[in-house]
Amino acid sequence: MAKRNTVVRNWPKYLLQWSVLIALLIFILGPVIIDKMTPADPEKFCPVGGLQALATYLFRGSLPCSMSSVQIVMGLALAAAVILFSKLFCAFICPVGTIEDLLTRLRKALHLRAFKMRNGSIADSVLRIFKYILLFVIFYFTMTSSELFCKHLDPYYAVATGFKGEITLWMSITTVTLAILGGLMIDRFWCRYLCPLGAISNTLKFWIWVLVLFAVYYVFSIINVNVPLWLVIGLFCLLGYLLEIIVRRPKFQAVHMMKDDSRCNHCGLCEKNCPYHIAINTMEGKVNHVDCTLCGECAAVCSTDALHVGVTRKGRNRWWKMLIAPVLAVVFTIVGIIVGGKFEIPTINETWGIEEYNADSVLVQVVDPSTLEVLEIENLTSVHCYGSSRAFMARLQKIKGTHGVKTFVKSHRVEITYNPKVITAAKLTEEIYVPSHCRIESPDYLEVPQVKVITIRTENMFNTSDLNNLANQFRFTYTDKKVYGIDSEYDCPLIVHLYVDPETVLSEEELRAIVEKKTVDITNKEGVILRQIPVDFKFVRLEDGNGSMPTTEYLEMMFDKFETGSFNGRYTDANDSTFVQRRSEYYADKAWYVYEIVHEGYEKPIYKRSWPFLSNWLSSEEGVISMQVALNKDYKPAIQIVFTAPMTEEKIWEMITSPIWKITYAVDDVREENARLTFEEPGVVYPYNK
């Protein structure tokens, strides 16, 4: 009997799959192609990340990475769809599943021989354990670190970010390779044997057993029996695996692929066309196999209309019944996005210093919670993930009078709990703000002895990166205006100083146009726009009168000096704050010298990141007293290495030009690493004035 055209019969599935792929391409690459902005976050609506985020929130009280309520609700929507209906996400939405289906069609088009893996065979059952191993690893490391571990190996995330995201390269390459090569040889290879989401979905189909497992865990928690996290996750994964390979047929599901046995001629086309090769022709009534996704491939190929999506056996496979499953998938997805966007869960919600216990574990009230107030700060883009939230909290804990913080990374908003009797809201805001500066150009102090200072007031510029963005606005908007640099000083509204050429004139209208420009253009050397960053700065006013400053003072103020010991705590030895003092005392009776190398680029970030390593490497040899990067007597950026015998200038040149540097991370941790800098010309040596 001739096989029906599956594509024509099952057009809703293919229409939805292709629509999702196109939507993802537009969502991820659209900002790059259209507005030259940063690509969208490919994990923004990821239900797998949402389930990890929910588990982490329940375990730690915090959300991992940049996860928000949207991902969590999407994860809950996926779980609800699996429990009530089936693995709709796997059938119609998941881009990896769609690619796996396309690989099957590619194999058939190329007339490649498939590797037949019979559903339920020993090999099939053994291979299925790997997705549960991955599920355990992903959830354990995510819940213990509050970082989405799945990003390290998710093939979708790796491809969507162009292998430039938060990935582990070898893991990502391995999973992408397995998904492609496996999919060419075995239908839905990734989904059947490696996909952690497939493991979760299959386990949730046996939701009663899952409830029993967590009920037991809850009872243990009530009686104060501590069950290790690894054991809970391990039991969940083990339960899912055993149910999948032993039971295989969940019973409690509202909608199934239904089979009218009176119409079935047992031709076997349904099993052959099923992506998971479920033995449908041997089943009666419900096709309630753990692998079934309601994809409709079996019904599409059935020549007797014996199969349909529904709740009863009887009923011909009308065309509109092919819409039931994809419509449900769309509804659950839309509801998840809408509901998830209606509220936001805090990434961290921490308090401190409110209660205290004495030596006898008796509660001693430190602060009356009813006397505390909450300060809300918006547009704090520096708080964008779990790590930055913890760093922000660490800053707050050093401010007397603060007692808690909630961070909302999706909206870049924080709520700070503070004691108004100790610190005011205005003073707290000032303490949080970090004044910064940004150099645009370094004028020649001999040609321009003075710089003019223009003062403006702005709002919505709470982040240190905002000043860099504003500097780029001045850099590229009016190229005929010589704006040398800007800095900020906290006030309300914020004080911003512009350092310009004495002949430069900027009207209030010009300043407003620059400050309130909605996007910052990031360009290359040729002026081609590479991407755009959205901003929302507000110009308040131009202050009356202009000041002035000696250019030499401006150059010193704008230069970020590095000194041995500046990075105390990050690296050892050379960055120990007592290192210079100890070496100075040891070599006090000897003549000191300075080895100086001048380079205009030494104030650029690409060089700044290397100074701690160079200082660390040099300090490993006797005779090196200190190293700094500063402006020299001619106000040029220079490396200045202070040394004495037995060190020589020849030895210094040999060390800094060596292709291998020895970096001391700890007393027992010395590593040989590739040199982080190259030097073309030797420096000059002159006596050091003690």
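Scanning region 505-516 for residues that are more than 25 Å from Tyr445 (Cα to Cα) and buried (at least 16 other Cβ atoms within 10 Å of the Cβ) yields Leu511, Arg512, Ile514, Val515. Scanning region 103-139 for residues being exposed (fewer than 14 other Cβ atoms within 10 Å of the Cβ), hydrophobic (A, V, I, L, M, F, W, C) and either under 13 Å from Arg188 (Cβ atoms) or not assigned by TED's automatic domain parsing to the domain that holds Tyr157 (or both) gives a total of 2.
If the condition is being closer than 20 Å to Cys295 by Cα and of a type in the set (Ser, Thr, Tyr), then region 65-90 contributes only Ser86.
Pro326 fulfils the conditions (1) touching a Phe, Trp or Tyr at 6+ places or on another chain (Cβ under 6 Å); (2) assigned to a loop (DSSP other than H, G, I, E, B); (3) not β-branched (Val, Ile, Thr) except for a single criterion, (2). Identification of strands (runs of 3 or more DSSP E) wholly contained in region 593-686 with 2 or more residues that are in contact (Cβ under 8 Å) with a residue 40 or more places away in the chain and closer than 30 Å to Pro550 by Cβ yields 593-598, 624-631, 637-643. Arg318 fulfils the conditions (1) basic (Lys, Arg); (2) within 30 Å of Cys90 (Cα to Cα); (3) modelled with pLDDT of 90 or more except for a single criterion, (3). Val364 meets the conditions (1) assigned to a strand (DSSP E or B); (2) in contact (Cβ under 8 Å) with a residue 12 or more places away in the chain in every case but one. The failed one is (2). Applying the condition of being among the small types (Gly, Ala, Ser) and surrounded by fewer than 21 Cβ atoms within 10 Å (Cβ to Cβ) to region 321-355 and asking which residue is nearest to Ala79 (Cα to Cα) yields Gly341.
Quick one: which residue in Val364, Val414, Val405 is modelled with pLDDT under 90, in contact with a Phe, Trp or Tyr (Cβ under 8 Å, 6 or more places away or on another chain) and of a type in the set (Val, Ile, Thr)?
On the way: Val414 fails: modelled with pLDDT under 90; Val405 fails: modelled with pLDDT under 90.
The match here is Val364.
When Lys259 is tested against (1) without any contact (Cβ under 8 Å) to a residue 60 or more places away in the chain; (2) surrounded by fewer than 17 Cβ atoms within 10 Å (Cβ to Cβ); (3) under 25 Å from Cys191 (Cβ atoms), exactly one condition is not met: (2).
Which residue out of Met655, Met627, Met647 is within 23 Å of Met558 (Cβ to Cβ), out of contact with any Cys (no Cβ under 7 Å at 6 or more places or on another chain), surrounded by 13 or more Cβ atoms within 10 Å (Cβ to Cβ) and of a type in the set (A, V, I, L, M)? Checking each option against the conditions leaves just Met627. One residue alone among Met67, Met74, Met1 is at pLDDT below 90 and crowded, with 24+ Cβ neighbours inside 10 Å, and that residue is Met67.
I'd like the full set of residues that are part of a strand (DSSP E or B), among the hydrophobic types (A, V, I, L, M, F, W, C) and either surrounded by fewer than 20 Cβ atoms within 10 Å (Cβ to Cβ) or not assigned by TED's automatic domain parsing to the domain that holds Glu543 (or both), limited to region 487-504. Show your work before the answer.
We begin by selecting, within region 487-504, every residue part of a strand (DSSP E or B); these are 487-489, 494-500.
If we keep only those that are among the hydrophobic types (A, V, I, L, M, F, W, C) too, we end up with 494-496, 498, 500.
Result: Ile495, single match.
Taking region 487-523 as the range and being closer than 23 Å to Leu555 by Cβ, touching a residue at least 40 places away in the same chain (Cβ under 8 Å) and over 30 Å from the mean Cα position of the chain (by Cα) as the test, the residues that pass are Glu489, Ile495, Val496, His497, Leu498, Tyr499, Val500, Asp501, Pro502, Thr504, Leu506.
Sort out which residues of region 474-486 are under 32 Å from the mean Cα position of the chain (by Cα) and either touching a residue at least 60 places away in the same chain (Cβ under 8 Å) or not assigned by TED's automatic domain parsing to the domain that holds Leu542 (or both), and write them in order of number. The one that is under 32 Å from the mean Cα position of the chain (by Cα) and either touching a residue at least 60 places away in the same chain (Cβ under 8 Å) or not assigned by TED's automatic domain parsing to the domain that holds Leu542 (or both): Gly485. For region 390-404, the set of residues classified as among the polar types (S, T, N, Q) and closer than 16 Å to Ser62 by Cβ consists of Gln397 only.
Lys259: among the basic types (Lys, Arg) and closer than 30 Å to Leu213 by Cα, yes or no? Talk me through it step by step, then tell me what you get.
Details: among the basic types (Lys, Arg): yes; closer than 30 Å to Leu213 by Cα: no.
When the stated conditions are applied, Lys259 does not pass them.
Report yes if Ile377 is surrounded by 13 or more Cβ atoms within 10 Å (Cβ to Cβ) and either at pLDDT 95 or above or assigned by TED's automatic domain parsing to the domain that holds His308 (or both), otherwise no.
Values: surrounded by 13 or more Cβ atoms within 10 Å (Cβ to Cβ): yes; either at pLDDT 95 or above or assigned by TED's automatic domain parsing to the domain that holds His308 (or both): no.
So Ile377 does not fit the description; no.
Test Tyr386 against the criterion of being out of contact with any strand residue (DSSP E or B) (no Cβ under 6 Å at 6 or more places or on another chain), among the hydroxyl-bearing types (Ser, Thr, Tyr) and over 30 Å from Asp634 (Cβ atoms), and give yes or no. Yes; evaluated as a whole, the condition is true for this residue.
Against the definition (at pLDDT 90 or above and part of a strand (DSSP E or B)), how does Lys421 come out, yes or no?
Values: at pLDDT 90 or above: yes; part of a strand (DSSP E or B): no.
So Lys421 fails the test.
Kindly check whether there is at least one residue in region 599-619 that is surrounded by fewer than 20 Cβ atoms within 10 Å (Cβ to Cβ) and at positive phi. Checked against the condition, which is being surrounded by fewer than 20 Cβ atoms within 10 Å (Cβ to Cβ) and at positive phi, region 599-619 yields no hits at all.
The values are calculated or read from the model by the stated rules, or taken from the named source; none is laboratory data. All figures in this text were calculated on a predicted structure; none of them were measured in a lab. Cβ coordinates were reconstructed from backbone atoms using ideal geometry, including for glycine residues, and neighbour counts include every protein chain displayed.
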